[in-house]
Amino acid sequence: MNNPDDEDLEKIEDFLETNGISLSYNTNGENYIDIVEDSIVVDALQNKREIIYTILHEVGHYFSDFHPEEQTPTTQIIEEVLAWDSGYDIGCSLGVTIDDAGWYRLMIASISAYIQKANL
């Protein structure tokens, strides 16, 4: 039997392929989506569960309806929260196993980093 993390990652990869979104990995600590290129890049040095959650978060950005005319620290935080929320919903709809405590821990750490970066 496959590892649940491998099964969940496969579900997400199938979803990305169906939607024409490429997935690649780096080792420089960066996670991001390039909406113009339909590409998600994720830090491969995270543990597998964090990789899964990070991909879902980036997918949440991809399908977000929130596109403010002006980028401010506040709008960036709103974008991040909405992407985490959308990513969670997408993961659930795909049947991905999500440990709420782990999800929220990563979400809070990521958003906290944005807040610190913006000096809010």
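The values are calculated or read from the model by the stated rules, or taken from the named source; none is laboratory data. Quick caveat: nothing in here was measured; it's all calculated off a predicted structure. Please note: Cβ atoms are built from the backbone with ideal geometry, for glycine as well, and neighbour counts cover all protein chains shown.
Need pairs with beta-carbon distance below 8 Å; first residue under 13 Å from residue 73 (Cβ atoms) and within segment 108-120, second among the acidic types (Asp, Glu); sequence gap 6+ or separate chains.
111/80; 114/80
Within segment 13-27, does at least one residue satisfy the condition of being part of a loop (DSSP other than H, G, I, E, B), out of contact with any Ser or Thr (no Cβ under 6 Å at 6 or more places or on another chain) and buried (at least 17 other Cβ atoms within 10 Å of the Cβ)? Steps first, please.
In the first step, residues of segment 13-27 are kept if they are part of a loop (DSSP other than H, G, I, E, B); the result is 19-21, 27.
Right, trim to out of contact with any Ser or Thr (no Cβ under 6 Å at 6 or more places or on another chain) and you get 19-21, 27.
Subset that is buried (at least 17 other Cβ atoms within 10 Å of the Cβ): 21.
Checked against the condition, which is being part of a loop (DSSP other than H, G, I, E, B), out of contact with any Ser or Thr (no Cβ under 6 Å at 6 or more places or on another chain) and buried (at least 17 other Cβ atoms within 10 Å of the Cβ), segment 13-27 yields at least one hit.
Out of (1) touching a Lys or Arg at 6+ places or on another chain (Cβ under 8 Å); (2) surrounded by fewer than 12 Cβ atoms within 10 Å (Cβ to Cβ); (3) aliphatic (A, V, I, L, M), what's the single condition that is false for residue 9?
(2)
Any residue at all in segment 31-41 that's in a helix (DSSP H, G or I) and surrounded by 15 or more Cβ atoms within 10 Å (Cβ to Cβ)?
Among the residues of segment 31-41, not one is in a helix (DSSP H, G or I) and surrounded by 15 or more Cβ atoms within 10 Å (Cβ to Cβ), which makes the answer no.
Looking at (1) more than 19 Å from residue 4 (Cβ to Cβ); (2) charged (D, E, K, R); (3) touching a Leu at 6+ places or on another chain (Cβ under 9 Å), can you tell me which one residue 50 breaks?
For residue 50, the exception is condition (1).
So which of 79, 58, 50, 70 ends up being surrounded by 17 or more Cβ atoms within 10 Å (Cβ to Cβ) and farther than 23 Å from residue 9 by Cα?
79
Do any residues in segment 31-43 that are modelled with pLDDT of 95 or more have Cβ atoms under 6 Å from those of residues that are surrounded by fewer than 13 Cβ atoms within 10 Å (Cβ to Cβ) and assigned to a loop (DSSP other than H, G, I, E, B), where the two are at least six apart or on different chains, and which pairs are they?
38/20; 43/29
Take the conditions at negative phi, touching a residue at least 40 places away in the same chain (Cβ under 8 Å) and out of contact with any strand residue (DSSP E or B) (no Cβ under 6 Å at 6 or more places or on another chain) and apply them to residue 14. Does it pass?
In short, no.
If you check residue 95 against the conditions, is it closer than 17 Å to residue 9 by Cα, more than 13 Å from the chain's Cα centre (by Cα), loosely packed, with under 13 Cβ neighbours inside 10 Å and not aromatic (Phe, Trp, Tyr)?
Considered against the rule, which asks whether it is closer than 17 Å to residue 9 by Cα, more than 13 Å from the chain's Cα centre (by Cα), loosely packed, with under 13 Cβ neighbours inside 10 Å and not aromatic (Phe, Trp, Tyr), residue 95 comes out as yes.
Does segment 82-92 hold any residues that are surrounded by 15 or more Cβ atoms within 10 Å (Cβ to Cβ), free of Cβ contacts under 8 Å to residues at least 40 places away in the same chain and not aromatic (Phe, Trp, Tyr), and which are they?
Across segment 82-92, the qualifying residues are 82, 83, 86, 87.
Is there a residue being over 27 Å from residue 115 (Cβ atoms) and assigned to a helix (DSSP H, G or I) anywhere in segment 51-63?
No, that holds for no residue.
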